[in-house]
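Report on one structure; see the data block that follows.
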Amino acid sequence: MSDDFELVRGSGNIFRDFDMPNPELEHLRATLAAQIVKTLDMRKLSVREAGTLTGINYTEFSRIRRVKLDGFTVDRLWKMLDLLGQTVDVKVKVHPTAKPLRATHAHA
């Protein structure tokens with residue numbers, strides 16, 4: 001067995017590196033969820049205490065702790081941080097992608 005290995009530098013977004021759908025959205029959701037967990041840990045709050053404090057069912061905090069993010073929208077996670085007394089600042093950069101454009105039809 002060889003000890004040779006190849007070092008590959010990631011992009012900073014694991015969802016993009018593994019060619020998953022909607023990598024930027026998933027990265028944002030994961031980042032917000034991580035901040036929720038960090039806030040709970042910093043404040044030494046259990047999921048039940050967080051639920052009582054915010055009015056959100058504690059099972060939602062439990063799902064976030066277990067990284068079960070299906071069904072959580074960015075705005076829902078953002079709201080949870082707000083209710084935990086956290087402010088979210090977002091910096092947006094828009095630039096063309098390397099992907100070819102698809103024809104779409106917008107209806108007003």
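The values are calculated or read from the model by the stated rules, or taken from the named source; none is laboratory data. In this text the structure is predicted, and so the values were computed from the model without any measurement. Methodologically, a virtual Cβ is constructed for each residue, glycine included, from the backbone with ideal geometry; neighbour enumeration extends over all protein chains shown. Only protein heavy atoms, including side chains, enter the accessible area calculation; ligands, DNA and RNA are left aside. Shrake-Rupley method; radii C 1.70, N 1.55, O 1.52, S 1.80 Å.
What the table shows:
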| quantity | calculated |
| --- | --- |
| FRET efficiency for ALA30 and VAL90, using Cβ-Cβ distance with R0 set to 22 Å, rounded to 0.05 | 0.90 |
| Within the chain: Cβ-based charge dipole about Cα centre, in debye rounded to nearest 20 (Lys, Arg +1; Asp, Glu -1) | 440 |
| Estimated [θ] at 222 nm from DSSP helical runs (n ≥ 4, -39500 (n - 2.57)) normalised by residues in the chain, nearest 500 | -13500 deg cm²/dmol |
| The chain, accessible surface, carbon-and-sulfur percent (1.4 angstrom probe) | 55 |
| Accessible area per residue in Å² at 1.4 Å probe, computed on the chain | 84 |
| Computed over the chain: relative contact order in percent, which uses C-alpha pairs under 8 Å that are six or more apart | 20 |
| Cα pair count fraction exceeding 25 Å, expressed as % - the chain | 41 |
| Per-selection Kirkwood Rh - the stretch 1-60 (Cα, Å, 1 d.p.) | 14.4 |
| Cβ-derived FRET efficiency at R0 25 Å, VAL8 paired with VAL67, nearest 0.05 | 0.60 |
| Phi-based couplings in Hz for the stretch 51-62 (Karplus 6.51, -1.76, 1.60; Gly and Pro marked x) | x, 5, 5, 9, x, 9, 3, 4, 5, 5, 5, 5 |
| Segments 32-42, 68-78 sorted - mean Cβ within 10 Å per residue, highest first | 32-42, 68-78 |
